[in-house]
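Colleague: Before I ask anything, let me first share the structure, which is written out below as structure tokens.
Derivation of every value follows stated rules applied to the coordinates shown; laboratory data play no part. This one's a predicted model, so the numbers in the text were calculated from it and none came from an experiment. Glycine gets a Cβ as well: all are built from the backbone with ideal geometry, and neighbour counts include every protein chain shown.
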Amino acid sequence: MADDTMDKAIVTENLSKKYSDFEAVKSISFSIKEGTIFGLLGPNGAGKSTTIKILTCQFPPTSGTVYIGGLNTVVDALEIKKKIGVVFESQNLYEELSVYENLNFFRRLYNSPKERISEVLKAVGMEKYQKNKVKTLSKGMKQKIMISRALLNDPEVLFLDEPGSGLDPHSAREIRQIILGLKEQGKTILITTHNMEEADFLCDCLAIIHKGSIIAMDTPANLKKKYGEDVLIIKTVIGDIYELSLNTNASSDIFKKLSENNQISLVHSKEATIEDVFIKLTGKKLTDES
Ligand SMILES: Nc1ncnc2c1ncn2[C@@H]1O[C@H](COP(=O)(O)OP(=O)(O)O)[C@@H](O)[C@H]1O
Ligand SMILES: [Mg+2]
């Protein structure tokens, strides 16, 4: 491993994964700085879960290397598993057991002290629900329990596969706040998402993944600056609507003409979004299959 990667919590070099002949992940490389949130954003089938499974030592890559805290995921899997927490894509709690019983089961696997259960429940605002059976909880509450379970071993690095997926907007916002809170505690976090707002809001660095390849990677702000376009929307007095790209001569000519003739009734601007970036790069919407 190169020396300049030592302050990185995760370093991924030319990672590829084939399922039989199908290459689901194609030579991706990225590194994640300690204490930051990194996002893998892409549509269904892009290769996000496959990447997370390799990074969390579920299976080895077909080629390439991953280091977590300087340890190799193939050679040092047992050591790595002690230092990471994972929230998988589908919820897999014991529905008939209480919240406490679910967490206690995993706590024993990790040999964490009993007090840890109330600590992790507090971290997700669920300490009042210890005695409730999981099956009585809402999907958003279950997701909080999934996150608290991943915190039992006080991991340095957290992996969250689509943490806000399928949740109502209120729960999704709560989960985002929990994730930000964990970053404030110094954890390094990798999330996958197909939700551009979630990616934009949470991530310090964002990799856009499409058909197994990373096609762009930067801060959300830089991605929008580079690939997106801020637009001026003008409504005229007779009800016509113009969408003008900012900073082009043609746009300023139209704007000038309309305003000289007192044709403008309303002006507002629309900032570039990560969705625009994705469309610009792929010609597709994020909601399309990859
Ligand atoms: N166990 C598997 N066997 C064969 N193909 C798989 C398997 N898991 C995933 N795939 C395929 O690999 C591609 C990437 O899947 P996945 O990593 O789950 O994407 P994402 O999480 O971005 O939706 C998809 O085309 C998917 O059908
Ligand atoms: Mg997935």
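Colleague: Would you calculate the separation in nanometres between label points at Val75 and Glu95, each defined as 7 Å from the Cα along the Cα-to-beta-carbon direction?
Modeller: Between Val75 and Glu95, the label points sit 4.4 nm apart.
Colleague: Further question on the same structure: Could you tell me the relative contact order of the stretch 229-271? Use alpha-carbon pairs under 8 Å, at least six residues apart, and round to a whole percent. Walk me through the numbers before you get to the answer.
Modeller: Working: 60 pairs, mean separation 23.0, N = 43.
It comes to 53 percent, rounded to a whole number.
Colleague: Also, quick follow-up: May I ask which residue of Ser251, Gly239, Ser269 lies farthest towards the positive end of the charge dipole of the stretch 229-271, with charges of +1 (Lys, Arg) and -1 (Asp, Glu) on Cβ and the Cα centre as origin?
Modeller: The listed residue farthest towards the positive side: Gly239.
Colleague: While we're on this one: Which lysines have a Cα less than 25 Å from the Cα of Lys284, not counting those fewer than 8 places away in the same chain?
Modeller: By straight Cα distance, Lys284 reaches Lys17, Lys18, Lys26, Lys48, Lys211, Lys224, Lys225, Lys226, Lys270.
Colleague: At what distance in nm do the modelled label points of Val237 and Ser213 sit from each other, each positioned 7 Å from its Cα along Cα→Cβ?
Modeller: Result: 5.3 nm between the two label points.
Colleague: Can you give the FRET efficiency to the nearest 0.05 for Lys257 and Ser118, using r as the Cβ-Cβ distance and R₀ = 41 Å?
Modeller: Working: r = 67 Å, r/R0 = 1.62.
Efficiency computed from Cβ-Cβ geometry: 0.05.
Colleague: Shifting gears a bit: Just add up the charged neighbours of Ile241: K/R +1, D/E -1, any other residue whose Cβ is under 15 Å from the Cβ of Ile241.
Modeller: Summing Lys and Arg as +1 and Asp and Glu as -1 gives 0.
Colleague: With each run of n ≥ 4 DSSP H residues scored as -39500 (n - 2.57), what mean residue ellipticity at 222 nm is computed for the chain after dividing by its residue count and rounding to the nearest 500 deg cm²/dmol?
Modeller: -10000 deg cm²/dmol
Colleague: Shape call for the stretch 85-226 from the C-alpha gyration tensor, a ≥ b ≥ c root eigenvalues: rounded (a/c under 1.5), prolate (a/b greater than b/c) or oblate? Provide the component values of the computation, followed by the final result.
Modeller: Details: a/c = 2.22, a/b = 1.86, b/c = 1.19.
Note, shape of the stretch 85-226 comes out prolate.
Colleague: Sticking with this one: Based on DSSP loop calls and a cut-off of at most 13 other Cβ atoms within 10 Å, the longest stretch of the chain free of exposed trypsin sites (Lys or Arg not before Pro) is what?
Modeller: In the chain, the maximal stretch lacking such sites is 132-283.
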